[in-house]
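Trainee: Before I ask anything, here is the structure I am working with.
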Amino acid sequence: MKMERQVMRVKDLNLGLQLIATLLVLCCCYTHAVAEEKSQQTKKTFIVHMDMSKMAATYEDHFQWYDSSLKSVSESADMLYAYNNIIHGFSTRLTPEEAELLEKQPGILAVLPEMIYKLHTTHSPEFLGLGKSDAVPPASASMSEVIVGVLDTGVWPEIKSFDDTGLGPIPSTWKGTCEVGKNFNSSSCNRKLIGAQYFSKSYEAAFGPIDETMESKSPRDDDGHGTHTATTAAGSAVSGASLFGYAFGTARGMAAQARVAAYKVCWLGGCFSSDILAAMEKAVADGVNVISMSIGGGISDYNRDTVAIGAFRAVAQGILVSCSAGNGGPSAGSLTNVAPWITTVGAGTLDRDFPAYVSLGNGKNYSGISLYSGKPLSDSLLPLVYAGNVSNSTSGNLCMTGTLVPSQIAGKIVICDRGLNSRVQKGMVVRDSGGLGMILANTELYGEELVADAHLLPTSTVGQRTADAIKNYAFSDPKPMATIASGGTKLGVEPSPVLAAFSSRGPNLVTPEVLKPDLIAPGVNILAGWTGAVGPTGLTSDKRHVSFNIISGTSMSCPHVSGLAALIKAAHQDWSPAAIKSALMTTAYATYKNGENILDVATGQPSTPFDFGAGHVNPVAALDPGLVYDASVDDYINFFCALNYSASDIKQIANKDFTCDSSKKYSLGDLNYPSFSVPLETASGKGGGAGVTSTVKYTRTLTNVGAPATYKLSMTSKTPSVKILVEPESLSFAKEYEKKTYTVTFTATSMPSGTNSFAHLEWSDGKHVVGSPIAFSWT
């Protein structure tokens, strides 16, 4: 309430008393309003997990029970979502005090605070061997029965990647809808894009009603990310696809005949966990076979991780869940989505590049990368300047808005350092300041990682070594000169793949005994469908419109694996999510033809299983893996027991009553996982000196999914400090789906803390190779 100050002379005592009384009333009203506003401001969204077995018989249904429980702590709170599939419970806005009271009530398993997740932001089929291989099944009825659910920023339905030509009727198993909203009609869906829905209740509870001048309150994609991931996973084949002529060819998703269901959960303010959980619940009820989520947040224990809990319930119902590992690389331990039932995907490169050449006045020539498509620079050299020397700011080297001096830039090529603001925005700042071109220089943080962008002026992004050479020339020559020229699209780049610097790395900080990421897939400079709402750079000033865009991130590698999982599901309809993941992992490759490990572009050195997991996906081999490491809900429950989870913790994740047997010894090493991670204690941790040994035993079970065969063991190790004993060394399978168990005993000599070492275990029948990486870490 706005109150004006007034200077008054009170001549009458009664008038004065009346005035004082009025002011007191106004003050009380104002104080109450402020307190109420403050109370509303302190409210946060919580997800409430209920134990259905504790619902009293007096309630007619669970919704009534939910409402009664909520009203016992807050008369004003409403449910945002009621969940009855992925979890039992609801989400709501409460103060921390109300949430604490609610969690103490009978029948409440947990009250978890909302988490805000973020997006982890062609030629791929050929690079992966899907182009002409006879091993890949042709388009079939079973393939078109598979449904890939994509949780992201929505879809742009009009692009050709969602063309349904040649597809039969929508699968009878589909129970979803095409939700109507702003600029999105029921006719926006078809036999390819069979469903589209949006989930915004929690987002709006936090930020207020959606501003529909800024974003569509509908499944329509205003960002581009969701359209890109959906078409990467299962987009229809589109000939003549490109971005301004770059990467020209036929663009198609990994599972081009599969159906797509889009669930919009990400908005301008982020992706909210209760919206995500509602979408996962709907996707499971709708009948999807694969859930693809290129999003991530922080990490926490599995019973406190909403996405992990939702994914568990989906996997328990036979749905594979694929998630991006994150873009926090090359820092160690930067992974997200680390639950063992989630397929966690890192990023590598293709054998394709988009060179942009830099020629200097000293005659030296260098190669960078760019997707600039406008008017080229002339062949003649132009003056070259370093942004930090033509700036009015201490951060001028970064080419941020308002930091460059136009009079010192006009008609020149500007060297800008990468970092802080977006890569394409730097070019816009240079252009708007009168510059004619930009050399975007990687610093030590980015190393040799080259990510292509559709720049707004002639640009070449160069690695750190090249950047240092160009800067040295610019600083030492009294009149430095340069020019930039595009090199188009280059195929057959070697070595490839290499690990992307941004791809998040292990070890797994939640459970070091589970190796993550699981594998890597193409995630750098990927061509796929795009929204019509924004240009390829995403900048509001970029008025160009494209049907395809080239972007990078583990957000791009995740849908590659989601689509490949759909391919395997179509070929092996009775396989569990764990079996499909195992097939993808045990057939992955981690070395080039010369035997060297896949390179890490961040260091220029060989990468390790903490970087790439089992290796780079090899879909042709994954369709016929020979053996798989399968896992059921019971296997994961034993895993929870090994984590010392309580019955309440287990119920919260698995929706199953189970109490761990106190007389049984549970081991994290016995989870039937396709890879091995072995944390070992240092000498100081064991209380002894050098030479102290420790012994760890892991157990695994293989299931035969091929013809009868005998598989023999082979082991390669670069770890002399660890002796590895596998028993037995031969496994004979007489029939399909027969299971055989083996043990691996690791006897390790203590090493300094922080030491990592690696080995590789393989089973082969002469036709199939079933490989598993082994990672050792001393802590």
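The values are calculated or read from the model by the stated rules, or taken from the named source; none is laboratory data. As the structure is a prediction and not an experimental result, all values here were calculated from the model. Methodologically, a virtual Cβ is constructed for each residue, glycine included, from the backbone with ideal geometry; neighbour enumeration extends over all protein chains shown. Only protein heavy atoms, including side chains, enter the accessible area calculation; ligands, DNA and RNA are left aside. Shrake-Rupley method; radii C 1.70, N 1.55, O 1.52, S 1.80 Å.
Trainee: Cross-link partners among aspartates and glutamates for K471, C-alpha distance below 13 Å, same-chain residues fewer than 8 apart left out?
Mentor: D417
Trainee: ³J(HN,Hα) across segment 719-730 via Karplus (A = 6.51, B = -1.76, C = 1.60, θ = phi - 60°), whole Hz, x for Gly/Pro?
Mentor: In residue order, the calculated couplings are 10, x, 7, 10, 8, 10, 10, 10, 9, x, 9, 9 Hz.
Trainee: Pairs of alpha-carbon atoms within less than 8 angstrom and 6+ residues apart define the contacts here; what relative contact order does segment 311-445 have, in percent? Could you put the intermediate results ahead of the total?
Mentor: Numbers: 202 pairs, mean separation 19.4, N = 135.
It rounds to 14 percent for segment 311-445.
Trainee: Taking a 29 Å limit on the Cα-Cα distance, which of the listed pairs K664/K723; K697/K739; K118/K697 fall beyond it?
Mentor: On the way: K664/K723 27 Å; K697/K739 20 Å; K118/K697 38 Å.
K118/K697, as the Cα separations exceed 29 Å there.
Trainee: Got a sec? Charge dipole of the chain, +1 on Cβ for Lys and Arg, -1 for Asp and Glu; which of N594, V150, T401 is way out at the positive end?
Mentor: Highest projection toward the positive end goes to T401.
Trainee: Just to check I understand the Karplus step: with θ = phi - 60° and J = 6.51 cos²θ - 1.76 cosθ + 1.60, what whole-Hz values come out for segment 169-186, glycine and proline as x?
Mentor: With coefficients 6.51, -1.76 and 1.60, one gets x, 4, x, 5, 6, 6, 10, x, 9, 10, 7, 7, x, 4, 6, 9, 10, 4 Hz.
Trainee: So for each of 202-215, 87-100 I average, over its residues, the number of other beta carbons within 10 Å; can you give me the resulting order with the highest mean first? Present the calculation step by step, with values, prior to reporting the outcome.
Mentor: Values: 202-215: 15.3, 87-100: 21.2.
Answer by packing, highest mean first, reads 87-100, 202-215.
Trainee: Hey, another quick one. Put a dot 7 Å past each Cα toward the Cβ at N183 and S378; how far apart are the dots in nm?
Mentor: According to this spin-label approximation, the distance is 4.1 nm.
Trainee: Among P355, G249, Y386, whose Cα sits farthest toward the positive end of the charge dipole of the chain (+1 at Cβ of Lys/Arg, -1 at Cβ of Asp/Glu, about the Cα centre)?
Mentor: Of the options given, the answer is Y386.
Trainee: Considering amide H positions built from the backbone, and no H for Pro or chain starts, which residues 5 or more places from H616, or on another chain, come under 5 Å of its amide H?
Mentor: Close amide H contacts, sequence-distant or interchain: I520, Y589, A590.
Trainee: Roughly what % antiparallel, to the nearest 5, for the DSSP beta bridges in segment 226-325?
Mentor: Values: 5 of 9 bridges.
Expressed as a percentage, antiparallel bridges in segment 226-325 total about 55.
Trainee: Let's see if you can work this out: charge +1 on each Lys and Arg Cβ, -1 on each Asp and Glu Cβ, no other charges. What is the dipole magnitude of the chain about its Cα centre, in debye to the nearest 20? It would help to have the intermediate numbers written out before the result.
Mentor: Working: 60 positive and 69 negative charges, 239 e Å.
Dipole of the chain, to the nearest 20 debye: 1140 debye.
Trainee: M55: net charge of surrounding residues, Cβ under 13 Å, Lys/Arg +1, Asp/Glu -1, itself excluded?
Mentor: On the way: positive: K54; negative: D51, E60, D61, D67.
In short, -3.
Trainee: Right, something else. For the chain, what does the helix formula give at 222 nm: sum of -39500 (n - 2.57) over DSSP H segments with n ≥ 4, over the residue count, nearest 500 deg cm²/dmol?
Mentor: Values: 17 runs with 175 residues, N = 779.
After summing the helix terms and dividing by the residues of the chain, the value is -6500 deg cm²/dmol.
Trainee: Let me ask something additional. Return the lysines within reach of K54: Cα separation strictly under 18 angstrom, same-chain partners fewer than 8 residues apart disregarded; answer none if there are no such residues.
Mentor: K71, K104, K651, K656
Trainee: Students often forget the sequence filter, so: which aspartates and glutamates lie under 19 Å Cα-Cα from K735 once same-chain residues fewer than 8 apart are removed?
Mentor: D574, D624, D630, D765
Trainee: Among 324-332, 628-636, how do they line up from the highest to the lowest mean number of other beta-carbon atoms within 10 Å? Please list the in-between numbers first.
Mentor: Values: 324-332: 23.3, 628-636: 20.1.
Top to bottom by mean Cβ count within 10 Å: 324-332, 628-636.
Trainee: As an exercise, use a Förster radius of 22 Å and the Cβ-Cβ distance of L491 and H545 to find the FRET efficiency, rounded to the nearest 0.05. Working shown, then result.
Mentor: Details: r = 27 Å, r/R0 = 1.22.
Plugging the Cβ-Cβ distance into 1/(1 + (r/R0)^6) gives 0.25.
Trainee: ³J(HN,Hα) across segment 402-413 via Karplus (A = 6.51, B = -1.76, C = 1.60, θ = phi - 60°), whole Hz, x for Gly/Pro?
Mentor: Once rounded to whole Hz, the list reads x, 9, 9, 9, x, 5, 9, 10, 3, x, 10, 9.
Trainee: Calculate the dipole size of segment 343-497 relative to its Cα centre from +1 charges on Lys and Arg beta carbons and -1 charges on Asp and Glu beta carbons; express the result in debye to the nearest 20. Write out the running numbers ahead of the final one.
Mentor: Working: 12 positive and 12 negative charges, 75 e Å.
I would put it at about 360 debye.
Trainee: Label point 7 Å out from K54 along Cα-to-Cβ: which residues of segment 648-666 have amide N under 19 Å?
Mentor: 648-660
Trainee: Antiparallel versus total DSSP beta bridges in the chain: what percent is that, nearest 5?
Mentor: Working: 90 of 137 bridges.
Bridges in the chain are about 65 percent antiparallel.
Trainee: Please compute the contact order of segment 619-749 in relative form: average sequence separation of alpha-carbon pairs under 8 Å and at least six residues apart, divided by the residue count, as a percent.
Mentor: So the answer I get is 27 percent.
Trainee: How about segment 438-544: which trypsin sites (Lys or Arg not before Pro) there lie in a loop by DSSP and see at most 12 other Cβ atoms within 10 Å? Spell out each step's value before the answer.
Mentor: Details: sites: R465, K471, K490, R505, K543, R544; in loops: R505, K543, R544.
Within segment 438-544, the qualifying trypsin sites (Lys or Arg not before Pro) (loop, at most 12 other Cβ atoms within 10 Å) are K543.
Trainee: Ranking request for peptides 184-196, 577-589: highest mean number of other beta-carbon atoms within 10 Å first, then the rest in descending order. Write out the running numbers ahead of the final one.
Mentor: Numbers: 184-196: 20.2, 577-589: 26.8.
Going from most to least packed, we get 577-589, 184-196.
Trainee: So what is the relative contact order for segment 458-583, in percent, with contacts set as C-alpha pairs under 8 Å and at least six apart? Intermediate values should be presented prior to the final figure.
Mentor: On the way: 91 pairs, mean separation 20.2, N = 126.
Contact order relative to length: 16 percent.
Trainee: Let me ask another. Report, by chain and number, residues whose modeled amide H sits under 5 Å from the one on D417, excluding near sequence neighbours (fewer than 5 apart, same chain).
Mentor: Those qualifying (amide H under 5 Å, at least 5 residues apart or on another chain) are L398, C399, A441.
Trainee: Quantify, in whole percent, the carbon and sulfur part of the accessible surface of segment 133-280 (1.4 Å probe; protein heavy atoms only).
Mentor: Values: 2720 of 5180 Å².
Here carbon and sulfur together make up 53 percent of the probe-accessible area.
Trainee: Lys/Arg Cβ at +1, Asp/Glu Cβ at -1, dipole of the chain taken about the Cα centre: which of I551, V315, Y302 is farthest positive-ward?
Mentor: I551
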